[in-house]
1. Determine which aspartates and glutamates satisfy two conditions relative to Lys308: a Cα distance under 14 Å, and not lying fewer than 8 residues away in the same chain.
2. Would you mind checking the range 117-134 for residues with the amide N under 15 Å from a putative spin-label position 7 Å along Cα→C-beta of Lys5?
3. Given the options Tyr288, Tyr322, Tyr359, state which has the largest fluctuation in a GNM of the chain using a 10 Å cut-off (strictly under) for Cα springs.
4. If I take every Cα pair under 8 Å that is 6 or more residues apart in the chain, average their sequence separation and divide by the length, what percent do I get for the relative contact order?
5. Show that you can apply the helix-only estimate: for the chain, add -39,500 (n - 2.57) for every DSSP H stretch of four or more residues, divide by all residues, and state [θ] at 222 nm to the nearest 500.
6. Kindly express, to the nearest 10 degrees and within the range 0 to 90, the angle between helix 332-341's C-alpha long axis and the longest C-alpha principal axis of the chain.
7. Would you work out if the range 325-397 is rounded, prolate or oblate? Take a ≥ b ≥ c from the square roots of the eigenvalues of the alpha-carbon gyration tensor; rounded if a/c is under 1.5, else prolate when a/b is larger than b/c, oblate otherwise.
8. With both bridge residues required to lie in the chain, what share of the DSSP beta bridges run antiparallel, to the nearest 5%?
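Computed from the coordinates by the stated procedures, all read-outs in this text should not be read as laboratory data. Since the model is a prediction, treat every value here as computed from it, not as a measurement. When we count neighbours, we look across all protein chains shown, and the Cβ atoms used for this are built from the backbone with ideal geometry, even at glycine.
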Amino acid sequence: MEISKRVNDMQFSPIRRFNTFAFEAEANGKTVYRLNIGQPDIETPLCFKEAINNFDKKVIAYAESGGVTDLLDAMIDYMANMYDMHYERKNVLVTNGGSEALINTFIAILNPGDEVLMAEPFYTNYNTFCNEVSGTIVPLTTSAEDGFAWAKRDLIEAAITDKTKAICSISPGNPTGRVLTMDEMKLIAEIAIEHDLWIISDEVYREFVYDGAEAHSFGQLKEVEDRVILIDSVSKRFSACGARIGAIISKNQEFMDAILKLAQGRLCCPTLEQVGAAALYRVDKSYYEEVKAEYQARRDAAFDELSKIPGIVCQKPAGAFYMTAKLPVDSIEDFLMFMLKEFDDKGETAMFAPAAGFYATKGLGGNEMRIAYVLTPDKMRRACELIKLGVAAYKNK
Ligand SMILES: *Cc1c(COP(=O)(O)O)cnc(C)c1O
């Protein structure tokens, strides 16, 4: 018996790989500030549980494959009220998180060998999603020095071949925190039209833009409404990762019909979680402001402290809750092992994700780390101070 080549070629999550060593450090009495995983600690709005408590049907029946109508309507209202984007029920389909939205999008638009363009470093699970359908991610390489900018005509066009089917955008970005400006989005739209490509826009961090900037969506660009596929999720926006509710949103009816076939095959998304999610999409606008202010304070604390490291390369990220920074070390993995096994300051250390796993191009990111600012500002400052102290101790080793 054999495992398929498709799956043999996949990797285990590079983000979780170092957890064993963190557990060991903790078993030895060290406190480990974990900045390696994007699991927010913000409380899920209470309305989620209240809505589920108020569910009064006697049977937890299958929901509609495309999603509970009340949730579809809540999503539609949210997009209209917050972004002036106008959708109908047939344009929206509920998925098991943004993850299933991406997998099914790739199944629907890629044949084996087809290519999608994506700025690297990118959220590693895209490798799995794309490999599952034997598609290929063609990376658009960006750099810390340049703030991970990627919306450049020559960079994108040089990567387009006759197998290219889509441009994938994650904005606000994971792992870089890069946010596309409206002008950059328009440029990408222009290129997609000229080369007849889909635009897959992963907007699971849509609201997380800082310094007073306005959040944008590819759904606001009329000229590409037939080729834009929005990927949405409650996970990050409402701090509800375990609810597993997301959505695919598109005005291309042929695409939505294809997606519905796939959705019917897996019957439905969890009925109760959809009831809770409908309440989340109706939270007051003030929720977004509060959460944003909290993340911005965390980012500022982290960035301020990291900036004190001599030789670090990192621009202040404009959104999401990640930062990718180049450290003055040869091997970030070796440095991380040092942080977990040898280093401590008053019994404390910090852990981050090595960035190499976020690059498709071998050899890139070897001295870069990604941190998720998912702890309170005080803890973020302390954790980044530990990285700063760790770098100094590592260099004096
Ligand atoms: C977390 C994340 C997702 C998917 O998360 P779900 O929990 O499946 O909704 C998708 N894209 C990016 C960039 C993410 O960070």
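1. Qualifying aspartates and glutamates at Cα under 14 Å: Asp300, Glu385.
2. 131-134
3. Answer for the Gaussian network model of the chain: Tyr288.
4. 25 percent
5. -11500 deg cm²/dmol
6. 70 degrees
7. oblate
8. If we restrict to bridges inside the chain, about 45 percent are antiparallel.
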